[in-house]
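Peer 1: Shown below is the structure under consideration.
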Amino acid sequence: MMKGMLVTKRKEKFADPPNFTEKKDYRPADVKETGLSFVGHEISEDRTVMNQFLHYDQLYTIRHGWNSRFFIGLLDGKIMGTRCPKCGDSWVPVRTHCWNLDCNLQRTEWVEMPLTAKVHTWTVAGWSGRSSLKRLPIVLVYAFIGTSKVAMANELHGIHPWEVEFGMPLKIVFKPKEQRVGAVTDFHFEPVDFWKPSPMNQEKQRIKDLVTPVYEWVKTIK
Ligand SMILES: [Zn+2]
């Protein structure tokens with residue numbers, strides 16, 4: 001009797017398996033080992049669960065579970081965050097439970113974030129993996145999206161590397177819909193339209209001097 005009850009209880013811990021009705025396979029027919037490549041995904045009928053297929057030497061399945069709506073949002077050109085209904089804190093990248101001790105691991109709810117952000121910190125990459133060498137130097141920022149209490153990393157385009165400033169306002173720009181794969185590389189940051197860089201100073205000049213040889217070197221890549 002006791003044993004039966006325990007089994008029933010344990011079974012209730014598991015959710016019903018999602019019914020995957022939208023499945024895409026974009027693996028090229030003549031696949032070459034090009035390094036890391038997203039090759040497909042599946043989304044449940046109610047669009048709350050997503051699995052992605054990543055080929056990196058072998059095929060991997062990334063099960064996004066409770067975080068799925070963030071990645072499905074990327075396909076739709078949206079930044080989905082989560083928010084605690086008790087204290088109001090919100091997050092991108094998302095948290096499934098609130099981090100405030102007083103909220104007692106409150107389950108968060110989904111919110112659509114505005115496509116705006118603010119630079120928290122940044123760096124300039126003068127070297128990279130082979131697939132990105134021709135795009136060097138690359139500006140990488142950690143930025144707060146919308147009301148998020150945590151920062152998210154992505155590339156900042158449309159700016160000279162020496163012009164980036166802490167706290168500068170950004171917009172989020174998505175790739176065209178047909179090129180999106182539900183990964184963070186579906187979007188990048190750009191300065192907002194009204195933003196103007198501050199005048200040249202010693203620190204900016206230092207960074208400019210550092211990246212100038214990188215631009216020269218990139219021109220020599222075949
Ligand atoms: Zn909370």
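The values are calculated or read from the model by the stated rules, or taken from the named source; none is laboratory data. Predicted, not measured: the structure shown is a model, and the values here were computed from it. Note that we place each Cβ from the backbone using ideal geometry, even for glycine, and neighbour counts take in every protein chain shown. Side chains are part of the model used for accessible areas, which takes the heavy atoms of the whole protein and leaves out ligands, DNA and RNA. Shrake-Rupley method; radii C 1.70, N 1.55, O 1.52, S 1.80 Å.
Peer 1: Per 0.36 nm of contour for each residue apart, how much would the distance between K219 and K86 grow if the chain were fully extended, relative to their Cα-Cα spacing?
Peer 2: Contour length minus Cα-Cα distance gives 42.5 nm.
Peer 1: Apply the membrane-span-like helix rule to the chain: whole DSSP H runs, Cα extent along the own long axis of at least 24 Å, mean Kyte-Doolittle hydropathy at least -1.0. List the helices found.
Peer 2: Helices meeting the span and hydropathy rule in the chain are 202-219.
Peer 1: Stretch E178-E190 to full length: gain in nm at 0.36 nm per residue minus the Cα-Cα span?
Peer 2: The E178-E190 span can extend by a further 2.2 nm.
Peer 1: Return the carbon/sulfur percentage of the accessible area of the chain, one whole number, probe 1.4 Å, all protein chains in place.
Peer 2: Carbon-and-sulfur percentage of accessible area, whole number: 56.
Peer 1: What does the C-alpha gyration tensor say about the overall shape of the chain? Classify as rounded when a/c is under 1.5, otherwise prolate if a/b is larger than b/c, or oblate.
Peer 2: oblate
Peer 1: Continuing with this model, one more query. How large is the accessible surface per residue of region 20-119, computed with a 1.4 Å probe and reported in Å² as a whole number?
Peer 2: 59 Å²
Peer 1: Next question. What pairs from K86/K175; K118/K208; K78/K204 go past 31 Å between their alpha carbons?
Peer 2: Table pairs above 31 Å Cα-Cα are K86/K175; K78/K204.
Peer 1: P(r) for region 18-63, please, calculated from all Cα pair distances in 5 Å bins and given in %.
Peer 2: The calculated distribution, bin by bin, is 6, 23, 28, 20, 12, 9, 3.
Peer 1: Shifting gears a bit: Using per-residue counts of other Cβ atoms within 10 Å, averaged over each peptide, order 97-109, 13-25 from highest down.
Peer 2: Order by mean packing, descending: 97-109, 13-25.
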